[in-house]
Amino acid sequence: MDKKVSVVLPVFNGETYLAQSIDSILAQTYTNWELIIIDDGSTDRTKEIAESYVKKDKRIFYYKNPQNMQLPRSLNRGFAMSVGDYLTWTSDDNIYYPDAFETMVKTLESDSRLGFVFASCDVIDKDGKKIDEWIMPENMELRKIVGTNIVGACFMYRRRVYALVGDYNPALFLAEDFDYWQRIFARFKVRPIEKVLYAYRRHEDNLTSTRSPDEISHIAERSILKNANLYDKLDSVQKFYLHEGLNRNRQMSSKDPDFYLQDYKYYEKVHLLTYRIPRKIKRMLKK
């Protein structure tokens, strides 16, 4: 496994946890990587911290945006400069576990048809204490992606995926990752990794914590509607997850929260009659 992993780390005023994030990359058992830090106009000690690591390790690079460009454009800038065979990105307040890169690279290399993998995560608080976990079982229902972001915060994909899918969409800031995963799932084979490889930090300064649920749900709805037509033909299960996602986001919105409710109820019944009940009967018969 000698292929390079490119890690983009966008950061804005991340002095509190940035060193921990970088240290977790330095601690990786897989050592052929480059780290591209994109400073999105920080005014705290982010530059000083990042440059101290650049001096220590030639695999680390630091660039500062001329002005605040927001997350999607910072990601696009970082990946445009990347040279790795495998790509990923992380946040200044999150932590990779030591075997994260090695495990994800091994999984991708186990099947040349795989374009994208995503792994289970611990959820930690501001002090690093575990408070929850996001487990990605091997048999998880991947069709949920049409209406719900099931990927989590730890992932890796091949450069050919980036070449075909393209950049993150600046018009979908706050749902740029969800939009990107939907575009990937529609074109490539993907696989969840049940092993916990990452710690996602939940605290009051998280980007999503500083935005209103109304704003986030509106952007997520736009992503769902935009990408629904990427699939040649949605099956009944996908239609259920699509309308479930649309309805859930509208229920959190101040804009006609029941707009999708009738369609959701209809596809919920179809899902129950054509998928859930038959599966339950099949499991009972096997016993």
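The values are calculated or read from the model by the stated rules, or taken from the named source; none is laboratory data. Predicted model, so just to flag it, every value in this text is computed and none were measured. Neighbour counts run over all protein chains shown; Cβ positions are idealised from the backbone, glycine included.
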(Q) I'd like to check which strands (runs of 3 or more DSSP E) are fully inside the range 55-157 and have at least 3 residues that are closer than 13 Å to I193 by Cα and in contact (Cβ under 8 Å) with a residue 24 or more places away in the chain. (A) 114-124
**Q.** When residues of the range 158-185 are limited to those that are more than 11 Å from the chain's Cα centre (by Cα) and part of a loop (DSSP other than H, G, I, E, B), the one surrounded by the fewest Cβ atoms within 10 Å (Cβ to Cβ)
**A.** G166
**Q.** Enumeration of residues in the range 191-212 that are surrounded by fewer than 20 Cβ atoms within 10 Å (Cβ to Cβ) and aliphatic (A, V, I, L, M)
**A.** V196, L207
**Q.** Pair list, Cβ under 9 Å, 6 or more apart: the range 260-287 residue assigned by TED's automatic domain parsing to the domain that holds L225, other residue of a type in the set (S, T, Y)
**A.** Y267/S236; Y267/Y241; V270/S236; H271/S236; H271/Y241; T274/S236; Y275/S236
Q.
Exactly one of these conditions fails for L225: (1) assigned by TED's automatic domain parsing to the domain that holds E141; (2) free of Cβ contacts under 8 Å to residues at least 40 places away in the same chain. Give me its number.
A. (1)
Q.
Looking at the range 69-78, can you tell me whether even one residue there is at pLDDT 95 or above, more than 29 Å from L164 (Cβ to Cβ), surrounded by 20 or more Cβ atoms within 10 Å (Cβ to Cβ) and of a type in the set (S, T, Y)?
A. no
Q) Among all residue pairs at least 6 apart or on different chains, which show Cβ distances below 7 Å where the first residue, located in the range 167-186, is farther than 16 Å from L87 by Cα and not assigned by TED's automatic domain parsing to the domain that holds I219 and the second is small (G, A, S) and part of a helix (DSSP H, G or I)? A) L172/S223; A175/A220; A175/S223; F178/A220; F178/S223; D179/S223; Q182/S223
**Q.** Which numbered condition K3 misses (of (1) in contact with an Asp or Glu (Cβ under 6 Å, 6 or more places away or on another chain); (2) crowded, with 19+ Cβ neighbours inside 10 Å; (3) outside any strand (DSSP E or B))
**A.** (2)
Q.
Given the criterion of a type in the set (V, I, T), in a strand (DSSP E or B) and either in the same structural domain as A175 (by TED's automatic domain parsing) or surrounded by fewer than 22 Cβ atoms within 10 Å (Cβ to Cβ) (or both), identify the matching residue among I22, I49, I36.
A. I36
Q | Members of the range 239-287 that are touching a Ser or Thr at 6+ places or on another chain (Cβ under 6 Å) and surrounded by fewer than 18 Cβ atoms within 10 Å (Cβ to Cβ) | A | M252, V270, T274
Q | Residue that is farthest from L87 (Cα to Cα), among those in the range 106-144 that are among the β-branched types (V, I, T) and touching an Asp or Glu at 6+ places or on another chain (Cβ under 9 Å) | A | I131
